[in-house]
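Inspection log for the structure reproduced underneath, given as structure tokens.
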Amino acid sequence: MVMSRSFRVVLSFLLCLPVLAWGQQTAAPASSAQAANPAPKPADSAVPEGRIRLDVVVTDKAGKPVTDLESKDFKLLDNNSPLETVSFQAFGGTNAKPDQPTEVILLFDYVNDDFKTLTDERREVEGFLQENGGHLAQPVSIFLLRDAGLQALRPPSTDGNELAAAVGKMATSLAINTNATGANGDIEKYNESIHAISSVAAYEKKRPGRKLLLWIGPGWPLLNSPHFQVTTDTMKQFFKSIVELSTDLREARVNVYSVGIGQFHVQFAGGGGNPDSNKKPTSGGSATFVETSDDTNPLDYLSYLKEVKQFSQAKGADLSVKVLALHNGGRALGLDNGLKSQIDTCVQDATAFYTLSFDAPRAGQPNEYHDLKVQIDKPGLTAHTSTGYYNQP
């Protein structure tokens, strides 16, 4: 069954993304919103910068952010060649705080998640928001992804109690998913999810400061089963979307984090969870996992972490939330403790980070992929940032 027509319709949405407004169910037209709200100047615009800016979190062996490093501790490699940084700033520890505090965006995924898990996730998010008497260290905003589209529920606030009350009032009816089932349903979920994260990136490009986008839920289908066959034109559209979305997320200073609970459940692949099935299970580590209607291992995303340098390599799974997270400096969690602890782990990345910029070498062709590495000249430390970028002539 060829799905190329559906994919062409889906990916064309990325070219006409809406601009979000707080509290509305659907987004206002981009033209009117942009006219009324011109893009603000970055708070740190006085600092000379290169054409490409990177936000870098450095962690130790325990995964804790490391502060008080200096410019000389960093080495930037572009396609394995040393590249000079134009600017360097350190935030956190004994260093100054950024002019614009890092914002945490909590996005509830009512399209791909199930009712019971959503109920548990809301409860754990409320617990996070009510920590320390509801006094949040970072401003937090709340988004909802529904069948009807993406809704910006609450603007950034450090009042955790007010945000927790809003989360507690989220209607349980929102969990009723009206998408089709099977392969067509997976395509619809993929459509809506890619459109949503692209809309967030487009909206955040007009706002200063760094943001952590915590996508709560299992993420959208990978569309990597034999049911989904694509044409050359579809691969070209996938590649175009990979280039646009990865660039928009970096320029918007949005790091993606994949978090959630209950998304990895033990079953037998192809056997509908029936232990008496004669079919062999799909193993993921020490357990057996399946996800979505394709009966695939949810750890399959690890097979799509290789860079996509040309359209012939592009697949739908290259745009999955966990792949995006690991490619743009975030984290892919979900196999460890509860959601609240995952959020705590992610939010610690908001307080200590480094921003450096550079001028990209001259590109020989459009969408020329460049591998990026940030090395730290101290043992046991790891830098988390974009793993690459697409350069233009």
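Residue pairs whose Cβ atoms lie under 7 Å apart, sitting 6 or more positions apart in sequence or on different chains, and linking a residue in the range 372-393 that is more than 20 Å from Ile242 (Cα to Cα) to a partner that is among the basic types (Lys, Arg), are Gln375/Lys75; Asp377/Lys75; Gly380/Lys61. Candidates Arg210, Arg253: the one that is at pLDDT 95 or above and touching a Pro at 6+ places or on another chain (Cβ under 8 Å) is Arg210. Restricting attention to the range 377-393, the residues that are crowded, with 18+ Cβ neighbours inside 10 Å and not hydroxyl-bearing (Ser, Thr, Tyr) total 4. Checking the stated criteria, Asn274 turns out to be modelled with pLDDT under 90 and surrounded by fewer than 20 Cβ atoms within 10 Å (Cβ to Cβ).
The values are calculated or read from the model by the stated rules, or taken from the named source; none is laboratory data. Because the structure is a prediction, the values reported are computed rather than measured. Every residue, glycine among them, receives a Cβ derived from its backbone with ideal geometry; neighbour counts consider all protein chains shown.
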